[in-house]
Amino acid sequence: MGAFVPFAAIVASALFILSLMWMSHPSTARRGVRAGEIGMVIAIIGALVQHEVVDYNLIIIAMIAGAAAGIPMALLMPMTAIPQRTAISHAFGALAVGLIGAAEYYKHAHAEYAGGFVMWALMFEMLLGFLTCTASVIAFAKLQELIGGRPVSFPGQRILNGIVALATVAIGATLALDPTQTWLFPAFVALALLFGILLVIPIGGADMPTVIALLNSYAGLAASAMGFALGNKLLIVAGALDGASGFILAVVMCKAMNRSFANVMFGGFGSVVASVAGGKDDRIVRSASAEEAAMQLENAGSVVIIPGYGMAVAQAQHKVSELYQALIKKGVDVKFAIHPVAGRMPGHMNVLLAEANVPYEQLVDLDDINPELPQADVALIIGANDTINPSARDDPKSAIAGMPIIEADRAKSVFVIKRSMNAGFAGIDNPIYYNSNTQMLFGDAKDMVGTIAKELAGGGSGLH
Amino acid sequence: MGAFVPFAAIVASALFILSLMWMSHPSTARRGVRAGEIGMVIAIIGALVQHEVVDYNLIIIAMIAGAAAGIPMALLMPMTAIPQRTAISHAFGALAVGLIGAAEYYKHAHAEYAGGFVMWALMFEMLLGFLTCTASVIAFAKLQELIGGRPVSFPGQRILNGIVALATVAIGATLALDPTQTWLFPAFVALALLFGILLVIPIGGADMPTVIALLNSYAGLAASAMGFALGNKLLIVAGALDGASGFILAVVMCKAMNRSFANVMFGGFGSVVASVAGGKDDRIVRSASAEEAAMQLENAGSVVIIPGYGMAVAQAQHKVSELYQALIKKGVDVKFAIHPVAGRMPGHMNVLLAEANVPYEQLVDLDDINPELPQADVALIIGANDTINPSARDDPKSAIAGMPIIEADRAKSVFVIKRSMNAGFAGIDNPIYYNSNTQMLFGDAKDMVGTIAKELAGGGSGLH
Amino acid sequence: MNALSADYLFVFILAAFLGFQLIKKVSPLLHSPLMSLTNAIAAVVVVGAITITGEEGATPLAKTLGFIAVFCATVNLVSGFMITDRMLKMFKPRGK
Amino acid sequence: MNALSADYLFVFILAAFLGFQLIKKVSPLLHSPLMSLTNAIAAVVVVGAITITGEEGATPLAKTLGFIAVFCATVNLVSGFMITDRMLKMFKPRGK
Ligand SMILES: NC(=O)c1ccc[n+]([C@@H]2O[C@H](COP(=O)([O-])OP(=O)(O)OC[C@H]3O[C@@H](n4cnc5c(N)ncnc54)[C@H](OP(=O)(O)O)[C@@H]3O)[C@@H](O)[C@H]2O)c1
Ligand SMILES: NC(=O)c1ccc[n+]([C@@H]2O[C@H](COP(=O)([O-])OP(=O)(O)OC[C@H]3O[C@@H](n4cnc5c(N)ncnc54)[C@H](OP(=O)(O)O)[C@@H]3O)[C@@H](O)[C@H]2O)c1
């Protein structure tokens, strides 16, 4: 046994590493999940067989309860709810980290640990853990639209945040230097929790994915800190991997939106959505019917479908897949152009389309599809807006200037499926709708795509 | 100080890692070297400031002497001697590892260490260290042609090797279990050294690069083992990085030759070179003059130059660069096709051509150039043979069947610069020389290319 | 900071470097499953929770906190791995 | 095998994984300089040699062996880094 514990840690770490390694490609990814699961089992066994552990009842009960809660959650969760699910699970994980830290704190609340390395690690762990917990809850609430997604800002906000931050750190430091001041501890926890809330409320709902990725890396760091405090290398490794992943995803998103972390965290982006949305003007907009679209699509040699957030909210992915099937049956070459931040989380579109059985080779990256678009006969935009907004490329004064876009406007002709002339997440006007080669297909993505697919399949009941 | 030592190790490791990270691309590679150097300095300082270290004289002397020997070596070494240089430096490194192990052994030659972890680590370290040392010396001698490159084989060779291997391991194990048997130690060292020799002599000279890469990873493992024995994490990390690198390079080479490790180590490959070389036959060979080649080259739209071992031995890289300059001046599009195992070490051609100021963007990989070759007007083969041998692709019974090749024969017309009809390293006949679109330019690569370049530059003194 | 903590720092740095190298190579196609996978892996904090809850002489408070922690972590790791697998099951190559 | 050795194994495994990830990404263009760079890095064994040679109560034998080891390792690291740099200096992008 004595020998098993350290080796369990090594093997588990190795398996977690392999798990991420295999995640690099769809063909090996599921093996990656297996590796991760096995690693986890080994880690848990390693923990259970430690001599220190004597009482198993509570542990077993908690684990059974946890599994009982987790399994249905995993099975019933609709794919469109993935972002919320990620947010709430960060809250759970961070809470666990925080509570473990608290328990450890009370164990170490003696003078001899004062100012010790373990104490500092514990405080850092709890700070990150508790703030990530509440922050994730807010993020969840915003994504689930339990509370408004609009950024909340009030006078003196920054000052307040600053004060809370300072107070939290100050009390944390005091406790690290003199752990016996247990009466201060609840205040520390409360402040950390409060700070988490304050951090997220000023951030717009659609920025939540970036926030979630950041919280992901915080949670990872917290786990590593716990590893430092408990002297557990496995936790250090797992935490570091998690931290790196969250950080990189956040960077990817910021790059793809051409925005800085600072701008995401403090920019109050998205507060303006309403103002511009649906601004009327006199430029001509050509709109077409499903029949016309169907006809042009089946006569096209190559079609690029560009899905966006609208496809997700309309849950149109299955209809889109039908459309894809109908088109390839007619010998049309169909590709999907996936923008890194299309939808509301990284890889959002890929998961939805994969769910609807679109082969993943057809899902093409921004950089690879743009050179092909000028040759495309038809670009069919389904509920995407900012990610195809040419002003990001052409108008340096635009709010999203410099954001890489899918250059749908370069295609020979363009169809846009959306319900209105309303703006997208960035809340800005989109010139593509007024181009002479653009035709609008107004309606809900699901209905509209469905009708077009029917038309192509030769059903042709038309719109209802 | 006490605190500095462990942190020196951390910082040094991090810098070594960054060093390899930056090595991934020419634009950052030199920064990588800087990082490595700084890491090394920090590591050395960390070692010097340990309290255990009291006597500095010998250390300083040895380091000055080492620098005095190393610097001129580094400055005067011709690029064509890089393979030999790598071999001999492995010998030095491995010797150092072995000697340190020996010193440590005598320190631990007491009953209480019997069978301990440290002892096993030490024995493993010395085994690898000493055998790598002599093996590298032989490799050096073969590359430097101090001894014949022909594989040495004699009846009962395998049995002898087996016995020596067993004896070495047996004595090593005995010493690990009972370190006090110091009288056995010299035998162990001697056997390890002998084993190194026996391992390499049956391997053909041109396989040395693969051997060197393998020895590289042995040396790395030995360093790691030393880290285990001395409880020095920095050594473990550096050793692991070195080991990984050597191993991957060896794999790359074997893949590019479509051969297995086993075949390289025990195949006695290359023993047949003489037999086939220069085999006469009655197929027609078209040979051309430098003038004709020059004319066709300057009228070509696109030229692909395929250098091989012959360019290296002839030291023709500078003339080749002149030729390249002359051609681009005339508006010809010139690319270089680099086979992974062209020459006698990985990346051999790249270094030589870079030395001659050919911009690295022009050096194209096997996989990227092959699709372009059918459109190329002229493929100019300079001292390459096996790497362009079509029988690897067409003749399943060929000795190099399945080895990926640069498909020069697909080009509209082909020029081959070599001195004779002799075979290359693999010692097999090459059908490309008999193709109707192939013209041979017999002569030393340097002279021939030089003459062609002169022709193009309008000098035109013709062959001498 | 003592040699021990230096030791942990060592592991952390190596793991962080490794993490960056590995994640950078994950195809954007799989960024959503990646999130839930790392999420599940981070739930390995359950080992810490187990120790807290089960170790001898654990105070009632410690047991309670530990109990909740074990529960939360378990929810994450179970659902995390399962959802990741569910997502990945959906990614099919052409002609399937 | 004790917890300590397990600890070293931990570091070794992480470093090995990292090594593979890093080396795989090195462009074939640079395989020669890579060889000499890793070669120079491996010369860090000089730290072991330094301890042997300089530590108090080192036997004459240890001093001699250590001396040679320091010499050999120094030759490697000096020439290794310098040659690598010499090679890399030669790699020039177009229009230079
Ligand atoms: N993916 C991420 O990780 C991430 C993270 C943070 C922020 N974001 C941001 O989210 C945005 C994503 O861009 P996007 O182009 O995918 O979407 P978008 O710019 O948010 O636009 C979505 C469009 O879909 C339409 N729509 C909504 N519901 C619809 C329905 N039921 N049927 C048909 N159309 C519907 C809306 O127009 P109507 O209202 O007229 O129908 C809207 O214009 C980007 O600005 C990105 O920066 C993404
Ligand atoms: N690069 C590596 O890491 C590595 C490692 C192990 C093995 N190898 C092996 O080495 C070989 C490399 O292939 P390769 O095509 O580069 O070369 P090669 O197949 O060895 O052929 C070299 C050719 O150059 C000609 N040559 C020699 N000296 C010359 C001179 N002074 N002027 C003009 N021509 C000269 C020779 O023909 P003449 O005698 O008629 O002139 C010979 O046919 C492969 O078989 C590979 O497997 C490479």
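Which residues, counting only those in region B:352-367, are over 19 Å from the mean Cα position of the chain (by Cα) and more than 7 Å from chain D (Cβ to nearest Cβ)?
Those that are over 19 Å from the mean Cα position of the chain (by Cα) and more than 7 Å from chain D (Cβ to nearest Cβ): B:Ala356, B:Val358, B:Gln362, B:Val364, B:Asp367.
Taking the condition touching a helix residue (DSSP H, G or I) at 6+ places or on another chain (Cβ under 6 Å), over 20 Å from B:Val264 (Cα atoms) and in a helix (DSSP H, G or I), does B:Leu184 pass?
Taking the combined requirement at face value, the residue satisfies it.
In region A:203-251, how many residues are within 13 Å of ligand 1 (Cβ to nearest atom) and either over 19 Å from the mean Cα position of the chain (by Cα) or closer than 19 Å to A:Ile100 by Cβ (or both)?
Total meeting the criteria: 1.
In region A:287-295, is there at least one residue being more than 21 Å from A:Asn430 (Cβ to Cβ), part of a loop (DSSP other than H, G, I, E, B) and within 20 Å of the chain's Cα centre (by Cα)?
No, region A:287-295 contains no residue that is more than 21 Å from A:Asn430 (Cβ to Cβ), part of a loop (DSSP other than H, G, I, E, B) and within 20 Å of the chain's Cα centre (by Cα).
Just to confirm my filter: which helices (runs of 4 or more DSSP H) fall fully inside region C:1-81 and include at least 3 residues that are in contact with a Phe, Trp or Tyr (Cβ under 8 Å, 6 or more places away or on another chain) and over 30 Å from A:Ala68 (Cα atoms)?
Qualifying helices (runs of 4 or more DSSP H): C:3-24.
Looking only at region A:445-464, which residues are near ligand 1 (Cβ under 9 Å from one of its atoms) and farther than 18 Å from A:Ala379 by Cα?
Across region A:445-464, the qualifying residue is only A:Asp447.
Quick one: which residue in A:Glu37, A:Glu52 is within 7 Å of chain C (Cβ to nearest Cβ), within 26 Å of the chain's Cα centre (by Cα) and of a type in the set (D, E, K, R)?
Just one listed residue meets the conditions, A:Glu37.
Could you look through region B:363-403, keep only residues that are modelled with pLDDT under 90, assigned to a loop (DSSP other than H, G, I, E, B) and not hydrophobic (A, V, I, L, M, F, W, C), and pick out the one that is surrounded by the fewest Cβ atoms within 10 Å (Cβ to Cβ)?
Filtering first and then ranking leaves B:Lys397.
Looking at region A:406-420, which of the residues that are buried (at least 17 other Cβ atoms within 10 Å of the Cβ) and part of a loop (DSSP other than H, G, I, E, B) is farthest from ligand 2 (Cβ to nearest atom)?
A:Ala411
Could you go through region B:355-362 and let me know if any residue there is within 16 Å of ligand 2 (Cβ to nearest atom) and either outside any loop (DSSP other than H, G, I, E, B) or closer than 18 Å to B:Asn258 by Cβ (or both).
No, region B:355-362 has no match at all.
Based on what the data block shows, is A:Ala187 more than 16 Å from ligand 1 (Cβ to nearest atom), under 30 Å from A:Gly36 (Cβ atoms), without any contact (Cβ under 8 Å) to a residue 24 or more places away in the chain and away from chain C (no Cβ under 14 Å)?
No; evaluated as a whole, the condition is false for this residue.
Of all residues in region B:427-456, which are under 21 Å from B:Ala314 (Cα atoms) and acidic (Asp, Glu)?
B:Asp444, B:Asp447, B:Glu455
Being at the interface with chain C (Cβ under 9 Å from one of its Cβ atoms) and more than 6 Å from ligand 1 (Cβ to nearest atom) is the filter here; which residues of region A:334-351 pass it?
Matches in region A:334-351: A:Ile338, A:Pro340, A:Gly347, A:Asn350, A:Val351.
Looking at region B:296-312 only, could you name the residues that are surrounded by fewer than 24 Cβ atoms within 10 Å (Cβ to Cβ) and either more than 32 Å from the chain's Cα centre (by Cα) or of a type in the set (Lys, Arg) (or both)?
Once the filter is applied, which keeps residues that are surrounded by fewer than 24 Cβ atoms within 10 Å (Cβ to Cβ) and either more than 32 Å from the chain's Cα centre (by Cα) or of a type in the set (Lys, Arg) (or both), region B:296-312 yields B:Gln296, B:Glu298, B:Asn299, B:Ala300, B:Gly301.
It is to be established whether one or more residues within region B:111-131 are free of Cβ contacts under 8 Å to residues at least 40 places away in the same chain and β-branched (Val, Ile, Thr).
Within region B:111-131 (the criterion being free of Cβ contacts under 8 Å to residues at least 40 places away in the same chain and β-branched (Val, Ile, Thr)), the answer is no, since none of the residues qualifies.
Within region B:386-404, can you find the residues that are more than 14 Å from chain D (Cβ to nearest Cβ), more than 9 Å from ligand 2 (Cβ to nearest atom) and at negative phi? Can you show your working first?
Going residue by residue through region B:386-404, those that are more than 14 Å from chain D (Cβ to nearest Cβ) are B:386, B:388-403.
So of that shortlist, the ones also more than 9 Å from ligand 2 (Cβ to nearest atom) come out as B:390-399, B:401-402.
Matches in region B:386-404: B:Pro390, B:Ser391, B:Ala392, B:Arg393, B:Asp394, B:Asp395, B:Pro396, B:Lys397, B:Ser398, B:Ala399, B:Ala401.
A quick yes/no check of all residues on (1) closer than 26 Å to B:Ala250 by Cβ; (2) assigned to a helix (DSSP H, G or I):
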site	(1), (2)
B:Ala12	no, yes
B:Ala35	yes, yes
B:Ile38	no, yes
B:Gln50	no, no
B:Ala65	no, yes
B:Ala102	no, yes
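Could you identify the single residue in B:Gly93, B:Gly70 that is within 23 Å of the chain's Cα centre (by Cα) and under 18 Å from B:Leu241 (Cα atoms)?
B:Gly93
Of the residues that make up region B:313-325, is at least one surrounded by fewer than 23 Cβ atoms within 10 Å (Cβ to Cβ), under 20 Å from the mean Cα position of the chain (by Cα) and closer than 28 Å to B:Glu145 by Cα?
Checking region B:313-325: at least one residue is surrounded by fewer than 23 Cβ atoms within 10 Å (Cβ to Cβ), under 20 Å from the mean Cα position of the chain (by Cα) and closer than 28 Å to B:Glu145 by Cα.
The values are calculated or read from the model by the stated rules, or taken from the named source; none is laboratory data. Only a predicted model underlies this, so the values are computations on that prediction, with no experimental measurement involved. Counting neighbours? That spans all protein chains shown, and the Cβs are built from the backbone with ideal geometry, glycine included.
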